[in-house]
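See below for the structure under consideration.
The values are calculated or read from the model by the stated rules, or taken from the named source; none is laboratory data. The shown structure was predicted, so the numbers you read here are calculated from the model rather than taken from an experiment. Cβ placement follows ideal geometry from the backbone for every residue including glycine, while neighbour counts extend to all protein chains displayed. To get the accessible areas, we keep the full protein, side chains included, count just its heavy atoms, and leave off ligands, DNA and RNA. Shrake-Rupley method; radii C 1.70, N 1.55, O 1.52, S 1.80 Å.
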Amino acid sequence: CIGSTMGFVDSITWLYDNHMPFSAMLAAYRSLIGPPLEFCALLVVLLSQSDGTSEYMLPSGATVPKPVREAMMNWLAGGAASKFATNCFIEILYVTIIQSADPGGNSFEAE
């Protein structure tokens, strides 16, 4: 993993194969699962229009209850702060894992 370049999806497999399932789940969620969910929530929030009641109408005619729309807006706004640091956090996670595997610093050297 360290000496070769691999894609982000390959790194998820590498993490799982090296008995780090939580790290693999986190990487999978942040790269493969979360973005499509956020995109769908953003579309619902942007396309819904108030009909004067406690529900919002989508162009398709479907309704979105006000608490659900507000929860989506809060979820999107709450996640916005970490969007610019996501890749940085994953790299920090990799460095932490590597350093914890060799606490004496004898096996890994930076080039």
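Listed by first and then second residue, the pairs with beta-carbon distance under 7 Å, at least 6 apart or on different chains, first residue in segment 32-50 and touching a residue at least 12 places away in the same chain (Cβ under 8 Å), second part of a strand (DSSP E or B) and open to solvent by less than 80 Å² (accessible area, probe 1.4 Å), are VAL44/VAL64; SER48/TYR56; SER48/MET57; SER48/VAL64. Residues of segment 1-18 that are at pLDDT below 85 and loosely packed, with under 13 Cβ neighbours inside 10 Å: ILE2, GLY3, SER4, THR5, MET6, GLY7, VAL9, ASP10. Among (1) touching a helix residue (DSSP H, G or I) at 6+ places or on another chain (Cβ under 7 Å); (2) open to solvent by 80 Å² or more (accessible area, probe 1.4 Å); (3) part of a helix (DSSP H, G or I); (4) at pLDDT below 80, there is one condition PHE108 misses while meeting the rest; what is its number? The failed condition is (3).
Here is a yes/no grid of residues against (1) surrounded by fewer than 16 Cβ atoms within 10 Å (Cβ to Cβ); (2) under 24 Å from GLU70 (Cα atoms):
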position	(1), (2)
PRO21	yes, no
LEU26	no, no
LEU32	yes, no
LEU37	yes, yes
VAL45	no, yes
